[in-house]
1. Distance from a point 7 Å along Cα→Cβ of residue 191 to each backbone N in segment 243-282: keep the residues under 19 Å and list them by number.
2. Gain in length, residue 167 to residue 289, computed as 0.36 nm per residue apart minus the alpha-carbon separation, to one decimal in nm?
3. Quick one: if the Förster radius is 25 Å, what FRET efficiency do residue 46 and residue 220 give, using the C-beta to C-beta distance and rounding to 0.05?
4. Cut-off 10 angstrom, C-alpha nodes, Gaussian network model of the chain. Which of 121, 264, 73 fluctuates the most?
5. With a 10 Å Cβ neighbour count serving as the proxy for reagent exposure, in which order, fewest first, do 123, 106 appear?
6. Which of 157, 137, 129 comes first, and how do the rest follow, when ranked by fewest Cβ neighbours within 10 Å?
7. Dipole of segment 6-299 (Lys/Arg Cβ +1, Asp/Glu Cβ -1, origin at the Cα centre): which of 199, 154, 287 lies farthest to the positive side?
8. Classify segment 6-299 as rounded, prolate or oblate from the Cα gyration tensor: take a ≥ b ≥ c as the square roots of its eigenvalues, call it rounded if a/c is under 1.5, otherwise prolate when a/b beats b/c and oblate if not.
Amino acid sequence: MHIPSLTALSAPRLLLLAAVLTLTSVRADAADDGIATTAIDTELKLVSDLRNRGISDSGRKPAVQLLVQAAHESGLIGLLQLSTVSDKAFTDSDGVNLLLGAGYRFGNPDGWHFGLGLAHEWFPGAKFEAPHAIDLEAGAPVDFRRTRYDTSYAVIEIGWGQLEGRILHVLSKTYRGADTGGVCGQMLAASVDPTQALACYARGDQNSRGSWLYDLGYKLSLTPTTTLQLHAGTQKIRHFKEADFSDYSVGVTHQRWGFGWTAEWVTTRTRTPELFMIPDGNRLKRQDDDRLVLSVSRKF
């Protein structure tokens, strides 16, 4: 039997391999001493608007999210997240987003702690077709190609107490469909100043592999049942500075009747708002607007 080398494996396959190794380790320990060595947390959440890095994934409509996390005493971790998304924000999608992650955490939860991992998100059925070049003589878009939104990440986490920092590096060909067709083509279709779209196309056919995403969050316990959450994030999309943006949020979560009730104010600062619009009838609707997001969650 031929066993491929790690360098020959794609990020999603490496992720699945890591998940299998984690489960194998958990089962082996359980078989050795019969004592559970892993903790599994399941959370079901209903949100008024599903925001990812400040941008709406649900078309500014309510969404449901299921999160399952497994943590082994060795430090191995696994994550599964299933969310409902808009088929307008992610063209032709089946209306769901699946995120799988696996990694390793170590350190003191009350002091310095760290994490390393891989993650991959799928948007089943989601794809779009857009021009990847402009015929300058004819003044018409050409080289129409299909792009998917699926994305792979390498993740580094650095924290001190309740202060958490996270860095994501894009391993896949694109970050959520950001390539010449997805960025320059959207600018052209959304009637951005044509000189900006042409300047984007002038850089040649590019993808966004190698992009960097940064997050910083802090949690402060106000009472035994109420927590203040602060967040700031920014992303640098390789080859497409037009898609760079930052997001900020302030939220409060209160535990009552076995549920977590959250109110969060989200604001986003985009360089090119037209890149974050989706069709809404005969007009385009922004997905990066400032918004109060409400949610209720239950852990099992």
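1. Under cut-off, by backbone N: 272-282.
2. Gain on stretching residue 167 to residue 289: 41.5 nm.
3. 0.50
4. Checking each option, the largest mean-square fluctuation is seen for 73.
5. Details: 123 25, 106 11.
Lowest count first: 106, 123.
6. Starting with the residue having the fewest Cβ neighbours, the order is 137, 129, 157.
7. 287
8. On the way: a/c = 2.08, a/b = 1.52, b/c = 1.36.
Taking the square roots of the gyration eigenvalues as a ≥ b ≥ c, segment 6-299 is prolate.
Here, each number is a calculation from the coordinates, and none is a lab measurement. All values derive from a computational prediction rather than experimental measurement. Every residue, glycine as well, gets a Cβ built from its backbone with ideal geometry; the counts of neighbours run over all protein chains shown.
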